Amino acid sequence: MSESAVQVDTRHSGGTGEPLVQVENLKKYFPITGGVFQRRVGDVKAVDGVSFTINKGESFGLVGESGCGKSTIGRTLLRLNDKTDGSVHFEGQDLHKLSKSELRKMRTKMQIVFQDPFSSLNPRIKVGEAIGEALIDHGLVSRKDVKERVIETMKICGLADYHYDRFPHEFSGGQRQRIGIARALIMNPEFIVADEPVSALDVSIQAQIINLLSDLQSEKQLTYLFISHDLSVVEHLCNRVGVMYLGTMMEMAPTDELFSNPLHPYTKALMSAIPVPDPTLKRERIVLQGDIPSPANPPSGCKFHTRCPMASDICKEQVPEYRNVGNEHFVACHFA
Amino acid sequence: MAKDLVEFRNLETHFKTSAGTVKAVNDVSFSIREGETLCVVGESGCGKSVTAMSLMQLIESPPGKIVGGEIMFEGKDLLKLSKKEMSRLRGNEIAMIFQEPMSSLNPVFTIGKQITEPLLYHLTMTQKEAKARAIELITMVGIPRPEKIFDSYPHELSGGMRQRIMIAIALSCNPKLLIADEPTTALDVTIQAQILDLMRDIKTKMNTAIMMITHDLGVVAEMADFVVVMYAGKVIEEAPVLELFREPRHPYTQGLLKAKPIINQRQERLYSIPGQVPNPVDLGENCHFHDRCEFCMEICKVKAPPLRAHIDGHKTACWLYEEEGKAQ
Ligand SMILES: Nc1ncnc2c1ncn2[C@@H]1O[C@H](COP(=O)(O)OP(=O)(O)OP(=O)(O)O)[C@@H](O)[C@H]1O
Ligand SMILES: Nc1ncnc2c1ncn2[C@@H]1O[C@H](COP(=O)(O)OP(=O)(O)OP(=O)(O)O)[C@@H](O)[C@H]1O
Ligand code: SF4
Ligand SMILES: [Mg+2]
Ligand SMILES: [Mg+2]
């Protein structure tokens, strides 16, 4: 991959360098209950000690295996569920220590685009009203002005004004996804957790939404945690990327650095599996062997060792140190 | 060439809404051959899922209704079958992976119950056999701790895990036709690759035909034998996959192929087709793409272009390739 290293960065520098979100050693465990008394018999370690910082105006990408804890990070980061350990600071304030009313005030600044748009929409509320709901709840716009704002936002998200009075089930999958995006953007937030926001969109509308997100980033210093499994989208939009595996950050680097010089064997496998839109090309994929381990009982040493093509004895025994190898490139692998 | 397994003939599916009739599927015809993978691509909202749901006869009615056409499956018109005959086919000979896994899994039943149900019903297995097979299926789609997952509820699973449960259910009865509506959108690329391999596998082993709806052109390039492109309820182009990528002919298809971000070829801005899809309630008798098309001619605004093969096996609905258009 290194032959592509010489490339001009077309994204703007990505932020002011001033931290907006600081995540430190974040853990979120879900209890597993069992037996007749439904006692706690173990934990699903969905997020197991993750740290990263997102600067103001930056777009931070989070990628990784399905079930590795990305959505859980997104939700815990916004305190949509409580944490098990660690901390999240937003604008210097410890989110999980705020009172209810302080949190409510903070909520307007932080929005989320949910991964599953259908289950986050009330089937009996017209989508126009659903999009404007939070504006009214927080008293940001009067009832009579809200419709105009909603329609304006719907339009920039590629929906039309005739969609206002329709109900969620009358929309296609991709249209519903745009409803979720409109709902977040209308609040004029400072920070958005976008959980697979373009996965159901056809490429042209996907391009339109990504251009929109990147415009908002440069015009309004909007900051994103962008969760996606589509690495070509991540490469395009994000300034920095973190790669997760089984609740742990395995690698993190500025986007160009990560794509031109992936160091972790899991990242390399991910990159080799990206489907290319060219039917004449047949590429060699790094196929990961073995079953995906359980987050309730993760492997010893390096969590990836059971599937890693490079694993040796040390990997089974010692947890590799997560370290900076230069160029703000962090990696946790004994051989990187 | 293999026999046709499915043939959509002039299918029309409409929805009655307060604003008027939405012609979600508007005179759609195409065939899926035995053992073939056919990918359907097209603008969000163009009728891909409704086409698939029409075949499954799972269109919610009202407001939806199949108002015209035939859907032939192994020579019989599915639309003429009784409810009972249809439900015997569904989940057995014809299986579908739905676009939104959360809304198609029942939140109050365990995963195990939902996987074993078709096994008990269609394959008349015993409880014990069904459970063993279910565990095997959960493992096959790459989910760890299958015994625990068997007893879990849908909300306890991640998005990608739910999607794979849907896939496991769909594969459980060895269908002749598998309809997969965006089957890998919630999956990371390594698991996506694994699922695509799995689908290729059952295709070669069981000669299963696959109708795959996806917006990921990378997946299309890897999986499809044949591609159908839809726009505003109509098929506007269809061709074998190599042909379509080499020579997309409809301006909409050309735009789609241009809009895909490609790894290591970053552009300042992504190309996106200008304009909006037309309101499906008042579609006229014209090319529905005309107000977004850079080649639009007078005839495009007043007359619908026919879907016609100008090259063997490659059909296009665009006036640019018709005598009437060339004259302009
Ligand atoms: N409410 C819950 N109860 C129990 N376990 C849960 C719950 N929510 C998530 N989990 C578990 O936590 C792990 C991480 O889930 P999460 O949804 O964060 O994954 P993800 O990385 O977003 O995956 P995907 O890419 O598939 O969406 C999974 O093993 C999941 O089963
Ligand atoms: N129950 C319904 N009532 C009214 N209109 C509907 C209903 N279901 C679907 N539609 C409309 O039918 C059209 C086709 O929808 P469909 O779900 O088939 O789109 P799609 O091609 O699958 O899009 P996507 O890629 O976004 O999933 C859309 O315009 C949608 O708004
Ligand atoms: S028929 Fe006309 S408007 Fe439609 S795609 Fe062809 S050239 Fe463009
Ligand atoms: Mg998720
Ligand atoms: Mg759909």
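The values are calculated or read from the model by the stated rules, or taken from the named source; none is laboratory data. Note that the structure is a prediction, hence the values are computed from the model and not measured. Every residue, glycine as well, gets a Cβ built from its backbone with ideal geometry; the counts of neighbours run over all protein chains shown.
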So B:Glu243, is it assigned by TED's automatic domain parsing to the domain that holds B:Asp312, buried (at least 23 other Cβ atoms within 10 Å of the Cβ) and touching a residue at least 24 places away in the same chain (Cβ under 8 Å): no
For the range A:118-159, name all the residues that are within 16 Å of ligand 5 (Cβ to nearest atom) and either closer than 17 Å to A:Leu212 by Cβ or more than 23 Å from the chain's Cα centre (by Cα) (or both). A:Gly158, A:Leu159
Does A:Asp116 qualify as being within 16 Å of ligand 1 (Cβ to nearest atom), of a type outside the set (Phe, Trp, Tyr), under 26 Å from B:Ile59 (Cα atoms) and not in a helix (DSSP H, G or I)? yes
With criteria (1) assigned to a helix (DSSP H, G or I); (2) exposed (fewer than 14 other Cβ atoms within 10 Å of the Cβ); (3) not aliphatic (A, V, I, L, M), B:Pro62 comes up short on (1)
If a residue has to be closer than 13 Å to B:Ser104 by Cβ and within 16 Å of ligand 1 (Cβ to nearest atom) to count, how many in the range B:169-185 make the cut? 2
Tell me, which residue of the range A:147-169 that is more than 13 Å from chain B (Cβ to nearest Cβ) and among the β-branched types (Val, Ile, Thr) is surrounded by the most Cβ atoms within 10 Å (Cβ to Cβ)? A:Val150
Counting only residues in the range B:181-218 that are of a type in the set (Gly, Ala, Ser) and within 9 Å of chain A (Cβ to nearest Cβ), the one nearest to ligand 5 (Cβ to nearest atom) is identified as B:Ala186
Among the β-branched types (Val, Ile, Thr), part of a helix (DSSP H, G or I) and more than 10 Å from chain A (Cβ to nearest Cβ) - does that describe any residue in the range B:142-162? no
Among residues of the range A:94-118, those that are within 14 Å of chain B (Cβ to nearest Cβ) and either farther than 19 Å from A:Thr76 by Cβ or without any contact (Cβ under 8 Å) to a residue 24 or more places away in the chain (or both), counted: 3
Take the residues in the range B:247-267 that are among the charged types (D, E, K, R) and more than 8 Å from every other protein chain (Cβ to nearest Cβ); name whichever of them is surrounded by the fewest Cβ atoms within 10 Å (Cβ to Cβ). B:Glu247
Filtering the range A:119-129 down to residues that are in contact (Cβ under 8 Å) with a residue 12 or more places away in the chain and in a loop (DSSP other than H, G, I, E, B) yields A:Ser120, A:Leu121, A:Asn122, A:Pro123, A:Arg124, A:Ile125, A:Lys126
Test for B:Pro154: is it under 30 Å from A:Leu62 (Cα atoms) and free of Cβ contacts under 8 Å to residues at least 24 places away in the same chain: no
Quick check on my filter: what residues within the range A:74-113 are crowded, with 16+ Cβ neighbours inside 10 Å and part of a strand (DSSP E or B)? A:Gly86, A:Val88, A:His89, A:Phe90, A:Met110, A:Gln111, A:Ile112, A:Val113
Regarding B:Gly233, is this residue surrounded by 21 or more Cβ atoms within 10 Å (Cβ to Cβ), within 14 Å of another protein chain (Cβ to nearest Cβ) and out of contact with any strand residue (DSSP E or B) (no Cβ under 6 Å at 6 or more places or on another chain)? no
Consider A:Asn188 against the criteria (1) at positive phi; (2) part of a helix (DSSP H, G or I): it satisfies all of them except one. Which criterion is unmet? (2)
Would it be correct to say that B:Ile191 is of a type in the set (Val, Ile, Thr) and more than 30 Å from B:Glu322 (Cβ to Cβ)? yes
Working only within the range B:41-52, note down all residues that are within 20 Å of B:Asn10 (Cβ to Cβ), more than 16 Å from ligand 3 (Cβ to nearest atom) and within 11 Å of another protein chain (Cβ to nearest Cβ). B:Gly47, B:Lys48, B:Ser49, B:Val50
Flag for B:Leu5 being away from chain A (no Cβ under 11 Å), in contact with a Leu (Cβ under 8 Å, 6 or more places away or on another chain) and surrounded by 17 or more Cβ atoms within 10 Å (Cβ to Cβ): yes
Out of all the residues in the range A:289-296, is one or more more than 7 Å from every other protein chain (Cβ to nearest Cβ), of a type outside the set (A, V, I, L, M) and buried (at least 20 other Cβ atoms within 10 Å of the Cβ)? yes
Whether any residue in the range A:191-207 is assigned to a strand (DSSP E or B) and at the interface with chain B (Cβ under 10 Å from one of its Cβ atoms) is what I want to check. yes
So the helices (runs of 4 or more DSSP H) completely within the range A:251-336 holding 1 or more residues that are in contact (Cβ under 8 Å) with a residue 60 or more places away in the chain, small (Gly, Ala, Ser) and within 30 Å of B:Ser152 (Cβ to Cβ) are none
Go through the residues of the range B:35-43 one by one and say whether even a single one is within 16 Å of ligand 5 (Cβ to nearest atom), among the β-branched types (Val, Ile, Thr) and part of a loop (DSSP other than H, G, I, E, B). no
